[in-house]
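The values are calculated or read from the model by the stated rules, or taken from the named source; none is laboratory data. If you're wondering where the values come from, they're calculated on a predicted model, not measured in any experiment. Every residue, glycine as well, gets a Cβ built from its backbone with ideal geometry; the counts of neighbours run over all protein chains shown. Surface accessibility is based on the protein's heavy atoms, side chains included, excluding ligands, DNA and RNA. Shrake-Rupley method; radii C 1.70, N 1.55, O 1.52, S 1.80 Å.
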Amino acid sequence: QKEVEQDPGPLSVPEGAIVSLNCTYSNSAFQYFMWYRQYSRKGPELLMYTYSSGNKEDGRFTAQVDKSSKYISLFIRDSQPSDSATYLCAMSSPVYNQGGKLIFGQGTELSVKP
Amino acid sequence: EAGVAQSPRYKIIEKRQSVAFWCNPISGHATLYWYQQILGQGPKLLIQFQNNGVVDDSQLPKDRFSAERLKGVDSTLKIQPAKLEDSAVYLCASSPDSNQPQHFGDGTRLSIL
């Protein structure tokens with residue numbers, strides 16, 4: 001079993017739709033949770049960064065972490081064609097616990113159609 | 001703030017040849033990472049430096065891969081000899097310290113013929 005599981009998609013939605021992206025994980029030591037966006041032939045770009053459980057909102061993006069279920073989500077409201085990219089979840093434990101190594105999901109390919 | 005710089009952007013070599021990649025992290029970032037991203041997968045950590053010391057190289061294939069970060073700033077990753085399965089994008093990332101978010105460069109796309 002992989003430490004982080006993410007549905008690779010592809011996911012295709014119409015412009016303006018609400019998008020839900022999800023990851024599950026198995027390592028209860030993870031405390032830092034991130035979402036990265038990766039455009040074709042570019043490096044991952046940090047979108048959201050959350051410590052421990054709870055919600056975080058930034059514009060059209062909302063990140064949720066449920067540590068009891070080992071489940072994290074990213075919601076995109078009013079999706080735009082420019083949101084078309086691969087979305088990677090990533091997580092790590094603190095440096096003092098298992099070294100703080102960042103573990104990525106496989107990535108979900110999202111396409112927003114005009 | 002300038003981002004993480006990597007070169008070259010693309011490299012094509014034949015198997016058994018050697019290749020080197022270069023990374024210049026964001027100024028002041030003490031932690032530097034090299035990742036391998038195979039097509040359709042998430043990045044996988046190869047090696048992590050804190051200043052010029054190695055923190056984690058547990059997933060680095062040491063029989064063919066080597067990396068160094070002299071003077072705690074720029075870093076180079078080398079593959080010698082290359083195998084077909086090394087075809088991937090090699091990403092460099094940096095962060096102020098190990099508990100801060102990582103910022104990535106655009107990577108070097110390596111193709112092995």
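Scan chain A and report its longest stretch carrying no GluC sites (Glu not before Pro) that are both in a DSSP loop and have at most 16 other Cβ atoms within 10 Å.
Looking at chain A, A:16-114 is the longest stretch - no exposed GluC sites (Glu not before Pro) with at most 16 other Cβ atoms within 10 Å.
Dipole of the protein assembly as shown computed with +1 at Lys/Arg Cβ and -1 at Asp/Glu Cβ about the Cα centre; of A:10, B:50, A:35, farthest Cα towards the positive end is B:50. Round to a whole number: what % of the accessible area of chain B belongs to carbon and sulfur, probe 1.4 Å? Of all accessible area on chain B, carbon and sulfur atoms account for 49 percent. Backbone geometry of segment A:18-31 corresponds, through the Karplus equation with coefficients 6.51, -1.76 and 1.60 at θ = phi - 60°, to 3J(HN,Hα) couplings of 8, 10, 10, 10, 9, 9, 10, 9, 10, 8, 5, 7, 4, 10 Hz, x marking Gly and Pro. Distance between the modelled labels on residue B:12 and residue A:80, one decimal in nanometres: 3.6 nm (7 Å Cα→Cβ projection). For trypsin sites (Lys or Arg not before Pro), the sites in segment A:1-91 that DSSP calls loop and that have at most 12 other Cβ atoms within 10 Å are A:2, A:41.
Between rounded, prolate and oblate, where does the protein assembly as shown land on the alpha carbon gyration tensor, with a ≥ b ≥ c its root eigenvalues, rounded for a/c under 1.5, else prolate if a/b exceeds b/c? Because a/c hits 1.5 or more and a/b exceeds b/c, the protein assembly as shown counts as prolate. Across peptide B:90-99, the average count of Cβ atoms from other chains found within 10 Å of a residue's Cβ is 3. Computed in the context of the full set of protein chains, the accessible area of segment A:32-92 at 1.4 Å probe radius has 45% of its extent on carbon or sulfur. Relative contact order, whole percent, for chain B stands at 37, derived from Cα pairs under 8 Å and 6 or more residues apart.
Here's the picture: a label point sits 7 Å out from the Cα of residue B:68 along the beta-carbon direction, and within segment B:14-38 the residues with their amide nitrogen under 20 Å of it are B:18-25, B:31-35.
In Å², and per residue, what accessible area does chain B have when probed at 1.4 Å with the other protein chains present?
On the way: 5470 Å² over 113 residues.
For chain B, the per-residue accessible area is 48 Å².
Count, for each residue of B:100-108, the Cβ atoms from other chains sitting within 10 Å of its Cβ, then give me the mean as a whole number. Present the calculation step by step, with values, prior to reporting the outcome.
Numbers: counts 3, 9, 8, 4, 7, 3, 6, 5, 0.
Per residue, the number of nearby Cβ atoms from other chains is 5 on average.
For the protein assembly as shown, a crude dipole built from +1 on the beta carbon of Lys and Arg and -1 on the beta carbon of Asp and Glu, taken about the Cα centre, is about 520 debye to the nearest 20. In segment B:24-52, burial by the other protein chains removes 50 Å² or more of 1.4 Å probe accessible surface, compared with the chain on its own, from B:43.
Summarising the label geometry, the points placed 7 Å from Cα in the beta-carbon direction at residue A:28 and residue A:3 lie 1.7 nm from one another. Over both sides of the B-A contact, add up the buried accessible area with a 1.4 Å probe and give it to the nearest 100 Å². Roughly 1700 Å² of accessible surface disappears when B and A pair.
Calculated FRET efficiency, residue B:80 and residue B:5, Cβ-Cβ r, R0 30 Å, to nearest 0.05?
Numbers: r = 23 Å, r/R0 = 0.77.
Between residue B:80 and residue B:5 the formula returns 0.80.
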